[in-house]
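Working notes, beginning with the structure itself.
The values are calculated or read from the model by the stated rules, or taken from the named source; none is laboratory data. Since this is a predicted model, take the numbers as computed values, not measurements. Here the Cβ positions follow ideal geometry from the backbone for every residue, glycine too, while neighbour counts run over all protein chains shown. These area figures cover heavy atoms from the full protein model, side chains too; ligands, DNA and RNA do not enter into them. Shrake-Rupley method; radii C 1.70, N 1.55, O 1.52, S 1.80 Å.
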2 protein chains.
Amino acid sequence: MVSVAFKKNLKEKYGIAFHNEKLLDAAFTHSSYANEHPGTTDYEKLEFLGDAVLELAVSDYLYRHFPKLNEGELTRLRSNIVRTEGFSEFAKECGFQKEVNLGKGEEKAGARQRKTLLEDVFEAFNGALFLDQGMPAVQHFLHLTVYPLIAEGDFNASRDYKTELQEKLQVNGAIDIEYNVISQDESVPTFTVQLSVAGKKLTTGTGRNKKAAEQEAAAKALKKK
Amino acid sequence: MVSVAFKKNLKEKYGIAFHNEKLLDAAFTHSSYANEHPGTTDYEKLEFLGDAVLELAVSDYLYRHFPKLNEGELTRLRSNIVRTEGFSEFAKECGFQKEVNLGKGEEKAGARQRKTLLEDVFEAFNGALFLDQGMPAVQHFLHLTVYPLIAEGDFNASRDYKTELQEKLQVNGAIDIEYNVISQDESVPTFTVQLSVAGKKLTTGTGRNKKAAEQEAAAKALKKK
């Protein structure tokens, strides 16, 4: 089910070749597809497992690489990483988006673009990799994807883009900064907010909740400056 | 710091011999002891790691051994196991209680008897074992301790001892069942409740919150019958 080109890419870019390709196929199968194709397995249970796999892999990385942080700081940083929407970006970079098997209705509804779906697939993929080859293989994959961004401080517990942006913009006095929800879908859930500065539309952000969407909009604005 | 007898027991009963005994010592060192003995390491960071180690080990076990449960059922069962007070019982069975290094004040305050402390030490021990010998060693240890009770259904998501007890006692008509908090320490937190049936004191239960304490009291009463 997963394309030959994708498997080739996995092998060449990440050194990953699955022994049990059924696990790989399941990791990319949404329940809506499985419902339409009896006999196929969806990724839900792999996602259950992958969630714990990522939690341990990230914990282990933080424990080893941030010896100066105390337990509370490590816990906050871990929470920022594993609850972040960032996993959807990694999923895109790894070319996961094209490979997801979706039911017709979900495809039409634009599920392929949904961050939450891509995050789920990223978790499921890591769950499948753990079952197929164990923790060291997962850690190797994360060394090529997630860990470099942790090392760069992208997930720092203290990073609050909204506050950073405000401080930067208001250095010469008060300026009007507005965040407005421009679309929301509680069922998924996905929120999109529009960030305007001094009445001018600057960036948009999307996220699982309003706060995450605002943070993304602010982070994008900071990169623009 | 950990006693020779304990190390002998670990080896004989569980086949565990630490390569790096500093990790083992840290797993049994409470912060109150480390504060009084500069240069010693407490278990807090190992507990941070051990929490994720247990989450993955239990997830992996459930994934493999309960193929008929769906993702939601697996998640509830996992949550029952990893958030349970049960880990303190395993810690006692493994003889952990005697080995904990406590500061003088905490020792006097009875910390050694605290379930929450024993749970933390159980997590820290598994974190240390993971660092020292990897996931397979943790899984082997849990096969000898935690997994058999999961297999017996001790953590079943549906198990509600209070309801079970009520149904059993009220089979011949209404009977007065009371749960009263007899002591509580919000700072730890630990609650103790007294269960009385028809005005007669039957059992007590302790837990992190009132609900958990009541469940324990009811479970003990069910075992008595």
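Observations, loosely collected:
- Considered as a group, the residues in segment B:54-97 that are of a type in the set (Gly, Ala, Ser) and at the interface with chain A (Cβ under 9 Å from one of its Cβ atoms) include one that is farthest from the chain's Cα centre (by Cα), and that residue is B:GLY72.
- Residue among A:VAL171, A:VAL193, A:VAL188 that is modelled with pLDDT of 85 or more and either out of contact with any His (no Cβ under 8 Å at 6 or more places or on another chain) or among the polar types (S, T, N, Q) (or both): A:VAL193
- Residue, surrounded by the most Cβ atoms within 10 Å (Cβ to Cβ), within segment B:31-52, restricted to residues that are more than 14 Å from chain A (Cβ to nearest Cβ) and farther than 16 Å from B:GLU107 by Cα: B:THR40
- Restricting the first member to segment A:80-99 and to residues that are within 15 Å of A:PHE141 (Cα to Cα), and the second to residues that are part of a loop (DSSP other than H, G, I, E, B), the beta-carbon pairs closer than 8 Å and six or more apart or on different chains are A:PHE87/A:VAL146; A:PHE90/A:THR145; A:PHE90/A:VAL146; A:GLU93/A:THR145; A:CYS94/A:THR145; A:PHE96/A:PHE28.
- Hits in segment A:142-168 - residues which are at pLDDT 75 or above and basic (Lys, Arg): A:LYS162, A:LYS168
- Residues that are without any contact (Cβ under 8 Å) to a residue 60 or more places away in the chain and either of a type in the set (Phe, Trp, Tyr) or open to solvent by 40 Å² or more (accessible area, probe 1.4 Å) (or both), drawn from segment B:190-214: B:PHE191, B:ALA198, B:GLY199, B:LYS200, B:LYS201, B:LEU202, B:THR204, B:ASN209, B:LYS210, B:LYS211
- When restricted to residues that are in contact (Cβ under 8 Å) with a residue 40 or more places away in the chain and either at positive phi or buried (at least 18 other Cβ atoms within 10 Å of the Cβ) (or both), segment A:53-67 contains 8.
- Hits in segment B:7-30 - residues which are in a loop (DSSP other than H, G, I, E, B) and more than 14 Å from chain A (Cβ to nearest Cβ): B:GLY15, B:ILE16, B:ALA17, B:PHE18, B:HIS19, B:PHE28
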